[in-house]
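Visitor: The following block contains the structure, expressed as structure tokens.
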Amino acid sequence: MSFARHERQRSGQQQTARQLPDVCNDYNRKGGCTRSWSSCHELHLCTYFLQNRCTDERCNKAHALETPRNILLLEGLGWQGSDDLALALDILRRRARGQATSICVMYNEGICNVPSCGRLHICYRRVVDTCPLDDCGLSHDLQDGGHNADLLASAGLTDTPVTELLRRLQEQVRRRPPQPALCRAYVIQGCQGYCLRLHYCEAFLYSRCSFGDRCSNSHSLKESHNRRVLTFFGWTEEQVLEALRKEGVGRSASRPARARTPTERDDEERFDRQDLCEGSQRGPSAETPVKRIDSAKEVANHIASMQTLVKELKDKDQQRETKVKAEEENKKKKIAELTEKVQSSEKIMSITQQRNADYQRQIASMQTLVKELKDKDQQRETKVKAEEENKKKKIAELTEKVQSSEKIMSITQQRNADYQRQIASMQTLVKELKDKDQQRETEVKAEEENKKKNIAELTEKVQSSEKIMPIIQQRNADYQRQIASMQTLVKELKDKDQQRETKVKAEEENKKKNIAELTEKVQSSEKIMSITQQRNADYQRQIAIMQTLVKELKDKDQQRETEVKAEEENKKKKIAELTEKVQNSEKIMAITQERNGDYQRQIASMQTLVKELKDKDQQRETEVKAEEENKKKKIAELTEKVQSSEKIMAITQQRNADYQRQIASMQTLVKELKDKDEQRETEVKAEEENKKKKIAELTEKAC
């Protein structure tokens, strides 16, 4: 009986595990399950119904969990109510679907002739990696339109990607890879057609072949067919010979078969139906010769030896129990250490995720800062453009005023020249008049009156010219005031330019500081990323160590299981021998009942003791199996955690790569902003130089 650990109840109390039984394979075979309720602890449910391949019209098996037997079994394990039954049915369907996607081992060995085989017919080496055979006669396509396509459609896996199906098959093959086996048909009647089993003499394998060189079967694995088989499975000659010898020892007649999984039982039953060369093994004779003992002394010696043997068996049981307990303690310690390592890796992963969140926040803040810088640059550029427009307008107005003042000055100068020419002509006229007056002093008396009139006219003209001169002087003063105001305006413009230049320099300093801070943040983020990568590498090494440790634990479990089984076999043999001896002694005691009543009581007590030992062995075997199941589940959980941590590490590395790309793009953006600032600063300086030149020219013109 095997149960699968499945669910934990979520409540405020301590969590307890619920187990879900497997489906009974005997129930689904011809004839059904013949075991009683107390001995069969598996669900009676149609397997084809779980795989969506059953038609209710022709099937007489159960198609629901709501049968008295199944409900009684599930309620005893904590599955109660319709919701729990629906959950259990869903889990069973997933299990059946997973079994439906398994690889047919007999097909890979070339001996599957079952018309309705429930496993995939595909080359297992193609699933694992690549097929090493050039002339491989097996199918390499999951969707071949035939057997595989029908099987996937019946299991509801038609829409599942081929990569996902291959991944599931790879996990199954890695857990239990096929191995080469001997072809029994080759030994009996010769093998014809496609075959991937070894053509090798089984008697020669165990050094029991009496024919030697005259044997018709092959004694070498170097022949072409055997080399082809070894190449397909990827095994060496030494490995396959060792495995076959171990398998032969395990199949010896004195050793009972080990507990098998339902899948192994199905495979072996199918193999028994198809393999022509497999026969039944001969067991020991049911009749055991009984040696007649006549003397009571010999009977007493025989009983004493049996008591000694029973005592030795008890001592060996105690020693083995102590050894098993010590191994259990070591396993528990190793599992605890693995759990601690997994928890520490989870803590480290949470710290890494928190740091990644911090990196994201830093990147977001840097992006916000870059955006703010861009907005400030745009605002400042808009402001500079507005100031440039105002400056251009003022310069245009000043230019117009200067041009108008120049025109007025030219007109004034022209008028002044006219006035000067008039004054010069008048002075010349006055001089001429004086000269004429001196010359004509004597002659002018008669013309005195006319002269006075002329002088009065001249005086009026001079007075009018004197009146015009103050007006001209006033106009010149106005021109000087206008020029002074223009010079003041030019000076104010220069001061404003100096202030703006100071402001621009201050903004440039702030921008440089921000860029330096951004650069420091980027450098610090790069350092953090390198530290994160180094830690990720450490995590990967730890995970590899944990995987190696898990593998070692599995190997040790297998070795210990082999040892326990060997001890169980020895114990069963000894118990069988004791049973035979007890039976013999019972026959002897029946002959000598009158004289050996005490001997009979001793034998009865010994039989009781043997029975108790058997019961204890059965109980301990059950406990060992349960513990092995729990250990396998814990190891599977640890393996899943390791795989999940590997996935998280891969996601973290991908995110780190995204962060590095974002940081690189931000560095490029910062560099572009620096280049744009340098270009704009050069342009501003050039414009400032041009403005200064224009202002200087205007100042010169104004002066």
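Every read-out reported here was derived from the displayed coordinates using simple, explicitly stated rules and does not represent laboratory data. Everything quoted here is computed from the prediction, not taken from an experiment. Glycine also receives a Cβ, built like all others from the backbone with ideal geometry; neighbour counts cover every protein chain displayed.
Visitor: Past 18 Å, Cα to Cα, is the threshold; run LYS565/LYS616; LYS565/LYS611; LYS513/LYS685 against it and keep the listed order.
Guide: From LYS565/LYS616; LYS565/LYS611; LYS513/LYS685, over 18 Å: LYS565/LYS611; LYS513/LYS685.
Visitor: Something else now. Work out the FRET efficiency for LYS222 and GLU75 from their Cβ-Cβ distance, taking R0 = 56 Å, and round it to the nearest 0.05.
Guide: Given R0 = 56 Å and the Cβ-Cβ separation, E is 0.35.
Visitor: Let me ask something else. Semi-axes of the equivalent ellipsoid of the range 477-566: what are they in whole Å, largest first, if each equals the square root of 5 times a C-alpha gyration tensor eigenvalue?
Guide: 85, 7, 4
Visitor: Sort largest first and round to whole Å: the equivalent ellipsoid semi-axes of the range 503-553, each the square root of five times a Cα gyration tensor eigenvalue.
Guide: With the √(5λ) rule applied to the range 503-553, the semi-axes are 48, 5, 4 Å.
Visitor: Here is a follow-up. Using 0.36 nm per residue, how much length does the chain from THR562 to ASP495 gain when fully extended, once their Cα-Cα distance is taken away?
Guide: Full extension from THR562 to ASP495 adds 14.2 nm.
Visitor: Fewest to most neighbouring Cβ within 10 Å: what's the order for CYS123, CYS191, CYS117?
Guide: CYS117, CYS191, CYS123
Visitor: Okay, moving on. Hey, which aspartates and glutamates would be in cross-link range of LYS527, C-alpha to C-alpha under 12 Å, not counting anything within fewer than 8 residues on its own chain?
Guide: Candidates past the 8-residue exclusion: nothing left.
Visitor: Report the far tail of the P(r) of the range 174-245, meaning the percent of Cα-Cα pairs longer than 17 Å.
Guide: Above the 17 Å cut-off, the range 174-245 has 42 percent of its Cα pairs.
Visitor: Can you tell which of SER220, ILE111, TRP235 lies farthest toward the positive end of the dipole of the range 111-242, using +1 and -1 charges on the Cβ of basic and acidic side chains (Lys, Arg; Asp, Glu)?
Guide: SER220
Visitor: Convex hull over the Cα atoms of the range 37-178, averaged projected area in nm²?
Guide: Result: 10.9 nm².
Visitor: Continuing with this model, one more query. With labels modelled as points extended 7 Å from the Cα through the Cβ direction, what inter-label distance (nm, one decimal) is found for ALA203 paired with ALA243?
Guide: Spacing of the two 7 Å Cα→Cβ label points: 2.6 nm.
Visitor: Please enumerate, by chain and number, the lysines with C-alpha under 22 Å from the C-alpha of LYS445, excluding those fewer than 8 residues away in the same chain.
Guide: In chain and number order, the partners are LYS431, LYS434, LYS436, LYS453.
Visitor: Rounded to the nearest 0.05, what FRET efficiency do ASP26 and ARG541 give with R0 = 45 Å and r taken as the Cβ-Cβ distance? Could you check?
Guide: 0.40
Visitor: Please give the contour-minus-distance gain from PHE211 to SER485: 0.36 nm per residue of separation, less the Cα-Cα distance, rounded to one decimal in nm.
Guide: Between PHE211 and SER485, full extension yields 85.3 nm more.
Visitor: Then there's this: Rg and Dmax of the range 109-249, using alpha carbons, in Å: what are they?
Guide: Rg and Dmax of the range 109-249, Cα atoms, are 17.5, 58 Å.
Visitor: Here's a follow-up. How do TYR48, TYR200 rank when sorted from fewest to most other Cβ atoms within 10 Å of their own Cβ?
Guide: Arranged by neighbour count, lowest to highest, TYR48, TYR200 become TYR48, TYR200.
Visitor: Order these by the 10 Å Cβ neighbour count, fewest first: SER216, SER645, SER102.
Guide: Exposure proxy ranking, most exposed first: SER216, SER102, SER645.
Visitor: Let's test the formula: R0 of 60 Å, r as the Cβ-Cβ distance of LYS323 and ASP358. What FRET efficiency results, to the nearest 0.05?
Guide: For R0 = 60 Å, the calculated efficiency reads 0.70.
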